[in-house]
């Protein structure tokens, strides 16, 4: 018996590879063909085993809030996604819905059919938070029929309900701030290039610097943590010792860069200005306090919860991306170049 992929490929007279690309949100498939593939997959109840053992017609009044597992950090204590979760909780507290919170391990992300919350139909809808959740997992959740809203993420080739901050505009403001302080040797440290929010932030810096005829060296690492910020800082300064200012993709990386600079005897901001992004609670308490871009994290959570609740009422609503505005917060880690 042919697989679903083989059946769709045969019916549409296309290759198995084209079907696989569409079902996993990969490039190489035209928009019209992608829509035909996804529609046929829905018609065939693609990934039926994902829900076959659940109570398909029951309503749980539960909403899932899921993030990728991070070492030594729970969802509730995560300085960024914990705040987003609070916003979700505030909206759901006014409804009959409760929130089921869990982290997604690498093994679950690699085998979405084994995700018990959907397989056993424990939730009516879900919020997937973070750019580090693979597109293949997101697509599998969409095909399960459970309403999905992404936060701090989006798909490259398929429309989806999502809530994001104005990342490119925020990074543009950060770069302009450094330029106004007289910095022209600016370096960037960021997470993986394929993470949507990282890509937009790098573009925002590039946009502002191109306006004045400048370019910035960019160091990409596999995570956006304090430790990865230290690593990225060391690589950047080793390769470009002339740097006088650093723009980081998030506050954790910025804090890591500050610590690494201080360990080398550099003074921040006297010798080196560093700016972050997100305005997590740690930013204001760092020494020096961190100049950053504020994201209204609780608002993002509220917007995601409202969008998901509206999808539960109207599952056929067209996918929408909600963008929340950001603003520059000036603190002690940046100053005019002397």
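The values are calculated or read from the model by the stated rules, or taken from the named source; none is laboratory data. Remember, predicted model here, so these are calculated numbers, not experimental data. All Cβ positions, even for glycine, are placed from backbone atoms using ideal geometry, and neighbour counts span all protein chains on display.
Among the residues of the stretch 18-42, those identified as more than 13 Å from residue 156 (Cα to Cα) and either surrounded by 14 or more Cβ atoms within 10 Å (Cβ to Cβ) or at pLDDT 85 or above (or both) are 18, 19, 20, 32, 33, 35, 36, 37, 38, 39, 40, 41.
Exactly one residue out of 328, 311, 290 is crowded, with 18+ Cβ neighbours inside 10 Å and over 22 Å from residue 77 (Cβ atoms), and it is 311. Would it be correct to say that residue 77 is assigned to a loop (DSSP other than H, G, I, E, B) and either outside the structural domain of residue 284 (by TED's automatic domain parsing) or in contact with a strand residue (DSSP E or B) (Cβ under 8 Å, 6 or more places away or on another chain) (or both)? Answer is yes for this residue. With the stretch 141-225 as the region, which strands (runs of 3 or more DSSP E) entirely inside it contain at least 2 residues that are under 22 Å from residue 255 (Cβ atoms)? It comes to 186-190, 218-220. Only one of the listed residues (228, 234) is assigned to a helix (DSSP H, G or I) and over 15 Å from residue 252 (Cβ atoms). That residue is 234. Checked against (1) modelled with pLDDT of 95 or more; (2) out of contact with any strand residue (DSSP E or B) (no Cβ under 8 Å at 6 or more places or on another chain); (3) surrounded by 20 or more Cβ atoms within 10 Å (Cβ to Cβ), residue 190 passes all but a single condition, namely (2). Tallying residues that are within 22 Å of the chain's Cα centre (by Cα), touching a residue at least 24 places away in the same chain (Cβ under 8 Å) and part of a loop (DSSP other than H, G, I, E, B) within the stretch 108-122 yields 1.
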